[in-house]
Structure formats: structure tokens, C-alpha cells
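Before any comments, here is the structure.
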Amino acid sequence: MWKPVDLPFQKSQPQPRLPTTDEIRACTNVLWETMASKVVTFNDNIVVKYGGCINTWEGQALIYLERHVPEVPAPRLYAMYYEGKQLFLVMQRIPGVQLDTIWPTLTPSEKDGIIAKLQLIFSAMRKAECPWPNFFGGLDGGGVHHYLFYSQHGDQKFLGPFTGEPAFVAGLVGNYRALVERNNHPDYKARFYEKYLARVLQGHRPTLTHGDVQQKNIMIVEDTSCSNEQGERSFDVVLVDWENAGWFPDFWEFFCASHPFIFEWDEDWSWRVQDFVEVWPAEMAIMQLIDRELGW
């Protein structure tokens, strides 16, 4: 049975030498930063996320994947700890490039090879068994880590977890009602969702979900030992940025994956996603309505 780890956490198996906190803070190879958080590449083997807006559930997700779904390629977590109010995630650095940087230059056969790898990955995720009965929430056993479930009641937390899909849907609708009431708007649409949303969003099981399947979160590593007679390349695939992962209804992955390209149907990626993520058209349509109202 999966049990989230306690902090501080450090992987016991052989691993690269881990940097000290001072070395991390002194690192100038910055991949991304905000006022509160930063991602740095310490060396060829290690990348570190740290700051006040980094979340433990991303680290717990990486540990869960390594221990229980190792066939899903994801960065390995070496250490997770707090220093003051800052959380540090010390992780394996994945070589290669983000898929969005090379997708337009790939041949049809090379794209097919990448899609085939993604099919295997998401098939393994759909087969994974949730460790808690009828559970909808984070891989850490906590709430639903998605902006639609960020509480509109003013308590600055994510709602959940939920037992059963009806409770999950009720939590989503209840959050919309809280937003309506907070803004003193008429509640007719909230009543509509309360009456009809569960008729569409029903019959879905908890499914291991990445929650942010965009090309920028798919790392591509060329396999130089493998190419075909035409000289076309083969690639390994690794999914990164698991902070939105969790046990969601099985339509959720496509809803999240479709969001970035709602108005980008002139690109072939929007068509190829359906090759490896299950498509739920009715659920996607109703979720896009909710997203326009409740999304950030």
C-alpha cells in the first residue's frame, strides 16, 4: 500500500552527490524563476526546484511513480526538504529537449515513433490501480491540485480529496457557486450546473493523470544507437512537471491536454493527442464551459 513519505526525504539508493542548500542558492544556471520560486540546473545530473511556491505533492508524485508505476518515465526524486519556509526538490535532470522545440522539424515517421512511446506511457497510467478505494485527489492523498478546485471560499487551499465521482462533481459545482456568491452574481447558472452537470460527468473511474500534457512537458532524448535505413531518428520520451498529477476521472487528462490548443487546431499536435490520450468529447465540452467561468 502506498503511503506518502515523511519530510525530510532522501533517496537511499546510490545517486549522484547532492548539492548543499548553499550551493543550490548560489547556482546561476537558472531555467525558470518567479518572485517566490526558482528552478536551477546544478550539473548534468541534477536539477532543483525550490522556493515558497513549490509543492510537496509534486515530490510525492515522483516517488509514487518510481515505486509503483516504474514503467512511466519520469524524473527521479533524490531529496525533498524544507529550509525555513522554502521547499527544495532535488531531482534527476533529464537530458534532451522539450518536444515543442523540435516537433515541427520531425518527419512523419519520427512523429509516429514518439506517439507510439506516448501510447505505451499513457496506457500504463490508465492501468495503474488507485491505492485508495474510489478516491479522487492528489497522489499525496490530499486535495485536488487543479485551479478549478482552488477554494473560492477564501481559505486558500485546494478542495478535496473526494470519495466517489458524484462528490468530485459536487465539489466542482460547489466551488463555482462559492465564486458566484462571493461576487454577488445571480445564481441561475450555478443552479443549472447543480441540476445537469452530474448527468454528463458520471461513470468515470479514478485514473492516474499527469494533468498538464503539453509539448513543453515532454522531454525528447535522441537514441543515437537506433535509426532506420532512411536515417530517421528514434527518441526516448520522458514526462516532466508532475505538480498537477493525481487520481482524476478518466476524462480529465484530455480536458487538460486540450486546454492549450482550443484555438490551435491548425497544428497537427492537436490531432495527434487523441492517439495516446482517451477522448471524451461531451465531457470536454462541458468542462470548457466550467473553465471559462471558474478558471484563472
Quiz prompt | Odd one out for residue 201 among (1) closer than 30 Å to residue 238 by Cα; (2) buried (at least 21 other Cβ atoms within 10 Å of the Cβ) | solution = (1)
Quiz item: Which of the following residues is assigned to a strand (DSSP E or B) and not assigned by TED's automatic domain parsing to the domain that holds residue 54: 277, 273, 213, 221?
Solution: 221
Quiz item: Which of the residues spanning the range 148-175 are assigned to a helix (DSSP H, G or I) and not β-branched (Val, Ile, Thr)?
Solution: 148, 149, 165, 166, 167, 168, 170, 171, 172, 174, 175
Exercise. Could you check, for the range 65-86, whether at least one of its residues is assigned to a helix (DSSP H, G or I), over 25 Å from residue 144 (Cα atoms) and out of contact with any strand residue (DSSP E or B) (no Cβ under 9 Å at 6 or more places or on another chain)?
Key: no
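This table checks each residue for (1) out of contact with any Asp or Glu (no Cβ under 8 Å at 6 or more places or on another chain); (2) of a type outside the set (S, T, N, Q).
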| site | (1), (2) |
| --- | --- |
| 180 | no, yes |
| 191 | yes, yes |
| 210 | no, yes |
| 219 | yes, yes |
| 224 | yes, no |
| 233 | no, yes |
| 239 | yes, yes |
| 246 | yes, yes |
| 256 | no, yes |
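The values are calculated or read from the model by the stated rules, or taken from the named source; none is laboratory data. The shown structure was predicted, so the numbers you read here are calculated from the model rather than taken from an experiment. Note: ideal-geometry Cβ built from the backbone for every residue, glycine included; neighbour counts use all protein chains shown.
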